[in-house]
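The values are calculated or read from the model by the stated rules, or taken from the named source; none is laboratory data. The structure presented is a predicted model; accordingly, all values stated were derived computationally and were not measured. Cβ atoms come from the backbone with ideal geometry, glycine included; neighbour counts cover every protein chain shown. These accessible areas exclude ligands, DNA and RNA; they are computed on the full protein's heavy atoms, side chains included. Shrake-Rupley method; radii C 1.70, N 1.55, O 1.52, S 1.80 Å.
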Amino acid sequence: MKILLCIISIFFNFQIFSFQAYGKSHEFVIITVTEKYNIRDIAKKYLKNPDLWPDILHANNLKLAHEIKPGMELKIPVKIILKVHNTLNKLQQLIHKATGSGAKVFAQEDIARAILNQNNALENRKKGQWQTALKIAETGKLSALTALKKSLENRDVPAEAVLENQKGKV
């Protein structure tokens, strides 16, 4: 009996996290923190990116990483955090591509709207409002795609410059 208890004790001491997944629409994991792993380790393991640790704090109504203690259970909404992260990355890429294609000249309003959406989505993400962040980022992607399309359509179109007499000023 003592041997069995020792084996069970060793098993639990080496266990990194406990894991449970819930429903498809609210997929998240519940982990039990051990003293060997910090918040960045947890983010790397479950979100595949150690820099996403602030999202774990927000999901658990924590302000600072040092509030996380061994034995504490954390709920991580993995699916939505990853979806927001990936959508924001795609939005950033589209903004970069559209800007490089001349969106600041050919689609000023569209690219400005995409950048504003990106900033608003990031603010909502920082507050842990992932559904709102996702909707705003998706809207930003549409604006960036529109800006990119307009830029590509217009950047090689011949244009005429018309100068009027400005008394030596151009």
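Remarks
- Accessible solvent surface per residue of the range 54-138, calculated while the other protein chains remain in place, 1.4 angstrom probe, Å²: 57 Å²
- Under-5 Å amide H pairs with residue 29, H placed in peptide plane, nonlocal only: 76, 78
- Accessible area (Å², 1.4 Å probe, nearest 10) - residue 46: 30 Å²
- Applying a threshold of 24 Å to the alpha-carbon distances of 83/150; 63/141; 104/141; 104/127 flags 83/150; 63/141; 104/127 as lying beyond it.
- Of the trypsin sites (Lys or Arg not before Pro) in the range 50-113, those whose Cβ has at most 14 other Cβ within 10 Å and which sit in DSSP loop: 63
- Size of electric dipole in the range 57-142: Cβ of Lys, Arg +1 and of Asp, Glu -1, about Cα centre, debye, nearest 20: 140 debye
- Calculated FRET efficiency, residue 154 to residue 131, Cβ-Cβ distance, R0 = 35 Å: about 0.50 to the nearest 0.05.
- Cβ-Cβ distance of residue 75 and residue 142, R₀ of 22 Å, FRET efficiency by 1/(1 + (r/R0)^6): the value works out to about 0.10.
- Descending semi-axes in whole angstrom, ellipsoid equivalent of the range 35-161, from the Cα gyration tensor: 39, 12, 10
- The HN-Hα couplings worked out from phi for the range 151-157 by the Karplus form 6.51 cos²θ - 1.76 cosθ + 1.60 (θ = phi - 60°) are 5, 5, 5, 9, 6, 9, 7 Hz, whole numbers, x standing for Gly and Pro.
- Given a 1.4 Å probe and the protein chains as shown, residue 101 ends up with an accessible area of around 20 Å².
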